[in-house]
Amino acid sequence: MAPSLPPSQHDDERPLARDRSPMAPGDNRIVLSHTVYALYAAGFFGYVTAIIGVAIAWWLTERCRGTWLESHVRWQIRTFWYGVLLNVVGWLTIWILIGWVILLLTQAWYVWRIAKGWIRLAHEEPISSPQSFL
């Protein structure tokens, strides 16, 4: 069991659990993590699915604490919020044309984050650095 940290220490400062104990096939947390990636991918056709995905990821936060899935939940939540921020910057700067470039790069980055996370989840591997931008 992971040592407890003082309540003042932020979650992002805690070392990630390296618990690689096997989970039962079809474990609800694994299925829901796959669902979040699928909802994010569907977010290209409407933002509502990405919002539902981040809500599920937030719900999974406590349920995955101390497991290798914790890194995926952090990755998924950060993917959503970084994506929102980059899209807002892109749309605000679209009138000076750089916005188009920002929006295009944001979409490529978003695909990269979904693919990287989903592939690692399919192999039941944690995200090595979920707080990173790439």
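The values are calculated or read from the model by the stated rules, or taken from the named source; none is laboratory data. Everything quoted here is computed from the prediction, not taken from an experiment. Positions of Cβ are backbone-derived with ideal geometry, glycine not excepted, and every protein chain shown enters the neighbour counts.
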Output yes when any residue across segment 8-23 is touching a Gly at 6+ places or on another chain (Cβ under 7 Å) and at pLDDT below 90, and no when none is.
yes
Kindly indicate the residue of segment 34-70 that is more than 16 Å from Val84 (Cβ to Cβ) and of a type in the set (Phe, Trp, Tyr) and also surrounded by the most Cβ atoms within 10 Å (Cβ to Cβ) among those meeting that condition.
Tyr37
Checking the conditions here, which among Ile98, Ile114 is in contact (Cβ under 8 Å) with a residue 24 or more places away in the chain and either more than 16 Å from Gln131 (Cβ to Cβ) or of a type in the set (Ser, Thr, Tyr) (or both)?
Ile114
Just one of (1) more than 18 Å from Tyr37 (Cβ to Cβ); (2) at pLDDT 95 or above trips up Arg113, so point out which.
(1)
Return the total of residues in segment 86-132 being under 17 Å from Cys64 (Cα atoms) and surrounded by 12 or more Cβ atoms within 10 Å (Cβ to Cβ).
11
Is there a residue in segment 91-99 that is closer than 18 Å to Gly43 by Cα and among the hydrophobic types (A, V, I, L, M, F, W, C)?
yes
